[in-house]
Amino acid sequence: MWTARHYFGNIQDHPELKHQIQQKTYLEVEITPEENRKGRIYTQTRQGNPIGIIKERFQSLREGDIFQTDQGHWLLISLQRETVMVVQWDSQRPYQLQDFINFGHVLGNHHYPIQVQENCLYIKLVTEPKMMEALIHSLGIPGLEIRYEEYQADTLTFYSNSARKPSI
């Protein structure tokens, strides 16, 4: 098994690194969001080689990160795309503030990771989409549009109400 622990940077931040890696044969891996949260990742390269990636525990890998294996091979990181639910509302429509407060409360109670951007709410799919849709429809907020989009794992930052408070 190969091991990659030497981080060199990202090809989007360092064009010379992109040029350097294009001149050589390199390995590629696709990392899942779950793997990206780990400090040690065991996976396979696209070429079929088993590889271990050792990174700082809280280092979040990005699309285009470059490592070098202990054996001297370059390793290019790709991030798996994930589908998220997008709930969009009409910014010109008058809504009741209480409806959105209740909406946020319900999502928080279910610990759904979310991100808000302008008039869209991005929700990570942690349960069956049909169940999530039924829950949203049950709130009876008119004019909400639900759709699904794919995103690179490093383009959205989700927030969750999953922190547990110590019991007294």
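Of all the residues in segment 1-59, those that are under 20 Å from the mean Cα position of the chain (by Cα), among the aromatic types (Phe, Trp, Tyr) and either closer than 14 Å to LEU76 by Cα or at pLDDT 95 or above (or both) number 1.
Being surrounded by fewer than 13 Cβ atoms within 10 Å (Cβ to Cβ) and in contact with a Pro (Cβ under 7 Å, 6 or more places away or on another chain) is a condition met by at least one residue of segment 1-23.
One line per residue, one yes/no per condition, for (1) modelled with pLDDT under 65; (2) out of contact with any Lys or Arg (no Cβ under 9 Å at 6 or more places or on another chain); (3) in a loop (DSSP other than H, G, I, E, B); (4) exposed (fewer than 10 other Cβ atoms within 10 Å of the Cβ):
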residue	(1), (2), (3), (4)
MET132	no, yes, no, no
HIS137	no, yes, no, no
ILE146	no, yes, no, no
GLU149	no, yes, no, no
LEU156	no, no, yes, no
ASN161	yes, yes, yes, no
LYS165	yes, yes, yes, yes
ILE168	yes, yes, yes, yes
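Residue by residue, here is whether (1) farther than 15 Å from THR3 by Cα; (2) charged (D, E, K, R) holds:
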position: ARG37; (1), (2): yes, yes
position: TYR42; (1), (2): no, no
position: THR45; (1), (2): no, no
position: GLY48; (1), (2): no, no
position: GLY52; (1), (2): no, no
position: LEU61; (1), (2): yes, no
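The values are calculated or read from the model by the stated rules, or taken from the named source; none is laboratory data. The shown structure was predicted, so the numbers you read here are calculated from the model rather than taken from an experiment. So basically every Cβ, Gly included, is an ideal-geometry build from the backbone, and we count neighbours across all protein chains shown.
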